Amino acid sequence: MLMIPCPWCGPRDETEFVYGEAALERPADPHALSDADWTDYLYFRDNPKGAHREFWFHRAGCHRWFVLERNTVTHAIAGAWPPGAAPPREGGEA
């Protein structure tokens, strides 16, 4: 069983959460992208092996979205933080 650290509620069972999508950096000016680049941003995702940032939603708790960094091979969680905030440094402080 995976314990996911919600930034607001603390560690909770994975059954309380819903996966959203990969936490990608949004294009600074979407209108400047070509149709091919915009399509690539919207629909195509890498399938990385190792550290990966994802959006998760705490549906059985605070009903908030957050970013989670998880190793896709081991499922080890490196940290979780609110969207738009800086990732926490090692040791838990942002």
- Query: For the chain, what is the accessible area per residue in Å² when the probe is 1.4 Å?
  - Reply: 71 Å²
- Mind listing the long-range amide H neighbours of residue 72? Cut-off is under 5 Å, sequence gap 5 or more, other chains count too, H placed in the peptide plane at 1.01 Å from N. 50, 51, 52
- Message: If I build a Gaussian network model for the chain, linking alpha-carbon pairs within less than 10 angstrom, which residue out of 17, 44, 57 has the largest mean-square fluctuation?
- Response: 44
- Task: Restricting attention to the chain, give the cysteines that have no other cysteine Cβ less than 4.7 angstrom from their Cβ.
- Result: 62
- Put 68, 24 in order of accessible area, largest first, probe 1.4 Å, and you get 24, 68
- Query: Accessible area of residue 21, 1.4 Å probe, to the nearest 10 Å²?
  - Reply: 90 Å²
- Give the relative contact order (percent, whole number) for the chain; include only Cα pairs under 8 Å separated by 6+ residues. 26 percent
- Mind listing the long-range amide H neighbours of residue 12? Cut-off is under 5 Å, sequence gap 5 or more, other chains count too, H placed in the peptide plane at 1.01 Å from N. 4, 6
- Solvent-accessible surface ranking, highest first, for 77, 4 at 1.4 angstrom: 77, 4
- Using a 1.4 Å probe over the heavy atoms of the protein chains, calculate the carbon and sulfur portion of the accessible area of the chain as a whole percent. 51 percent
- Expressed as a whole number of Å, what is the distance separating the alpha-carbon centroids of region 8-35 and region 38-94? 7 Å
- Note on the structure: Treating only Lys and Arg (+1) and Asp and Glu (-1) as charged, each at its beta carbon, one finds that the chain has a dipole about its Cα centre, in Debye to the nearest 20, of 320 debye
- Message: Along the charge dipole of region 5-76, pointing to its positive end and built from +1/-1 on Cβ of Lys, Arg, Asp and Glu, which listed residue (10, 75, 44) has its Cα farthest out?
- Response: 10
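The values are calculated or read from the model by the stated rules, or taken from the named source; none is laboratory data. Note that this is a predicted model, so its numbers are computed, not measured. With ideal geometry, Cβ positions are generated from the backbone for all residues, glycine too; neighbour counts draw on all protein chains shown. Only protein heavy atoms, including side chains, enter the accessible area calculation; ligands, DNA and RNA are left aside. Shrake-Rupley method; radii C 1.70, N 1.55, O 1.52, S 1.80 Å.
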